[in-house]
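Step one of this worksheet: look at the structure below.
The values are calculated or read from the model by the stated rules, or taken from the named source; none is laboratory data. Small disclaimer: the values here were computed from a predicted structure and weren't measured. When we count neighbours, we look across all protein chains shown, and the Cβ atoms used for this are built from the backbone with ideal geometry, even at glycine. Just so you know, the surface numbers come from the protein's heavy atoms only, side chains and all, with ligands and any DNA or RNA stripped out. Shrake-Rupley method; radii C 1.70, N 1.55, O 1.52, S 1.80 Å.
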Amino acid sequence: MDRSLAVERRLRDVAPHDLPAALRSALAEHFGAEAVELLMADYALTELCQVSTLPYTNEPISVQGSTPGDAFVAQAATFEHSGSGVTGYLPVSVRGDRLGILAVTLSAEPEPPVWAELERFAEAVAHELFVADRDTDLYIQARRSSRLTLAAEMQWQLLPGRACTRPEFALGGQLEPAYAIYGDCFDWSASAHSLAVTLINGMGDGSEAALLTNLAVNALRNARRAGIELDAQAELADQALYSHYRGSRHVAALLLQFDLGTGLVDVVDAGSPRLWRLRDGKAERVLFEEQLPLGAFEETVYAVHQFQPLDGDRFVFVSDGVYNAAGPHGDRELGEAVAATADLPAAHVPGAMLQELSTRRHGGKAEDDAMVVCLDWFGPTPLLEAGTSASVTVPSTSE
């Protein structure tokens with residue numbers, strides 16, 4: 001058995017909480033590694049926290065201005081030389097979702113193929129972490145540089161991830177303040193032929209807002225997984241919310257479904273978070289016919305509208321908290337912020353925009369939670385080759 005298979009088998013065979021120890025042992029045995037550390041990105045994506053058996057006992061490393069932080073931001077291996085050897089900081093990411101950094105210290109500079117091999121192990125660790133989170137709190141605890149509120153705990157567990165990439169699109173999302181979020185949320189799901197994106201802004205604050213948003217997101221997921229059309233998904237979620245709150249609480253939502261074969265987008269705007277489009281360096285608002293929020297009235301009927309994105313379009317979704325932080329000139333300043341982040345990948349855009357907003361808040365504190373989601377549309381999937389049994393489903397054109 002070669003050493004690559006030996007290391008990967010070791011990772012698969014250990015208990016979830018033993019992944020760091022197994023990695024240290026395997027890399028020491030097969031690569032002569034002198035030190036191996038797993039660093040997890042915190043919820044705000046501003047710090048890297050070392051995984052240890054006792055959580056909250058190690059000082060986090062700032063992403064800004066550190067070598068491991070550079071590797072995390074660039075999503076590329078970076079190296080730090082010292083008298084005792086060289087340390088490689090390798091991104092721990094899976095399908096565009098950035099989880100952290102694997103730091104491996106060797107006594108001498110190896111040949112480039114060795115670093116490439118270690119980078120593959122870092123990717124394997126990312127896959128194992130996704131599985132491990134089902135059975136242990138260790139890595140979830142390691143992501144925290146301070147305690148989460150109950151509402152924030154509920155919201156973070158609801159998210160599909162922080163980023164996602166495919167040939168047709170790239171997605172990135174962020175919630176702030178990361179340790180005290182309550183009503184804002186996002187969701188996405190991709191299949192062979194479609195991408196569903198949901199943006200939620202629940203009214204209220206604290207755990208009551210989180211409960212409202214949890215009900216809304218799960219009602220929409222339940223309807224989506226039943227395979228029904230987008231307008232019916234909104235109507236079923238509306239009924240679920242109204243039957244529970246009788247109109248006393250409601251949720252603003254924007255529901256989108258991208259056809260990955262044609263690019264055509266179905267939209268239901270239910271009092272939505274706002275959408276900006278960046279095309280050819282120009283940022284502008286995209287407006288839809290705004291309909292009633294989910295849960296406001298009994299048996300609301302929703303209409304589906306459509307638009308056709310162009311290859312290379314960027315879409316940025318923002319909640320009310322973003323506008324509140326931007327101040328009286330919100331439209332202009334947000335348009336400038338969208339344009340200013342044009343060169344960043346989608347996964348980095350939400351954090352960069354929210355960081356800019358934090359400088360505008362009085363006293364540095366948010367009056368409302370805020371959500372930013374960025375979607376880069378690269379273009380539809382090429383037509384399937386003749387003779388394949390699969391087909392592309394085009395969304396309904398009803399309006």
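Length gained on full extension, Ser358 to Leu5, computed as 0.36 nm times the residue gap minus the Cα-Cα distance: 122.5 nm. The distance between label points at Ala226 and His305 comes to 2.6 nm (points 7 Å beyond Cα on the Cα→Cβ vector). Principal-axis analysis of the Cα atoms of the chain puts helix 349-358 at an angle of about 80° to the longest axis. Between the listed residues Gly247, Ser107, Gly65, the Cα displaced farthest toward the positive end of the dipole of the chain, a dipole computed from Cβ unit charges relative to the Cα centre, is found at Ser107.
Loop-located trypsin sites (Lys or Arg not before Pro) in segment 63-150 (DSSP state other than H, G, I, E, B) with a sparse environment of at most 15 neighbouring Cβ atoms within 10 Å: Arg95, Arg134, Arg147.
Across the alpha-carbon atoms of segment 124-168, the computed radius of gyration and Dmax are 12.6, 37 angstrom. For segment 116-253, a crude dipole built from +1 on the beta carbon of Lys and Arg and -1 on the beta carbon of Asp and Glu, taken about the Cα centre, is about 200 debye to the nearest 20.
Relative to the longest principal axis of the Cα atoms of the chain, the long axis of helix 330-340 makes an angle of roughly 40 degrees.
Taking a ≥ b ≥ c as the square roots of the eigenvalues of the alpha carbon gyration tensor, segment 173-222 is oblate, as a/c is not under 1.5 and a/b does not beat b/c. Looking at segment 22-113, the chymotrypsin sites (Phe, Trp or Tyr not before Pro) that sit in a DSSP loop and have at most 15 other Cβ atoms within 10 Å of their own Cβ are Tyr56. Rounded, prolate or oblate: which fits segment 96-211 when a ≥ b ≥ c are the square roots of the eigenvalues of the alpha-carbon gyration tensor, with rounded for a/c under 1.5 and prolate only if a/b beats b/c? Oblate shape, in that a/c is at least 1.5 and b/c is the bigger or equal ratio.
Taking Cβ atoms as reference points and 13 Å as the exclusive limit, the residues near Cys374 contribute a net charge of 0, counting Lys and Arg as +1 and Asp and Glu as -1. Ordered from longest to shortest, the equivalent ellipsoid semi-axes for segment 251-317 are 24, 14, 8 Å, each the square root of 5 times a Cα gyration tensor eigenvalue. A viscosity of 0.890 mPa s and a temperature of 25 °C, combined with the Kirkwood radius over Cα pairs in Stokes-Einstein, give a translational diffusion coefficient for segment 37-170 of 157 µm²/s. The angle separating the long axis of helix 206-225 from the principal Cα axis of greatest extent in the chain is about 80 degrees.
Using the Cβ of Ala126 as centre and a radius below 13 Å, the other residues enclosed give a net charge of -2, where K and R count +1 and D and E count -1. Expressed as a whole percent, the accessible area of the chain that falls on carbon and sulfur atoms is 50 (1.4 Å probe). Rg/Rh for segment 1-71 stands at 1.03; both radii use Cα atoms, and Rh follows the Kirkwood definition. Each Lys or Arg adds one and each Asp or Glu subtracts one; over the other residues with Cβ under 15 Å from the Cβ of Thr136, this totals -2.
Classify segment 93-148 as rounded, prolate or oblate from the Cα gyration tensor: take a ≥ b ≥ c as the square roots of its eigenvalues, call it rounded if a/c is under 1.5, otherwise prolate when a/b beats b/c and oblate if not. It comes out prolate by the Cα gyration axes. Only the Cβ atoms of Lys and Arg (+1) and of Asp and Glu (-1) were treated as charged; on that basis the dipole of segment 27-165 about its Cα centre amounts to roughly 520 debye. Across Gly202, Gly335, Gly65, mean-square fluctuation computed from a Gaussian network of the chain (C-alpha pairs under 10 Å connected) peaks at Gly65.
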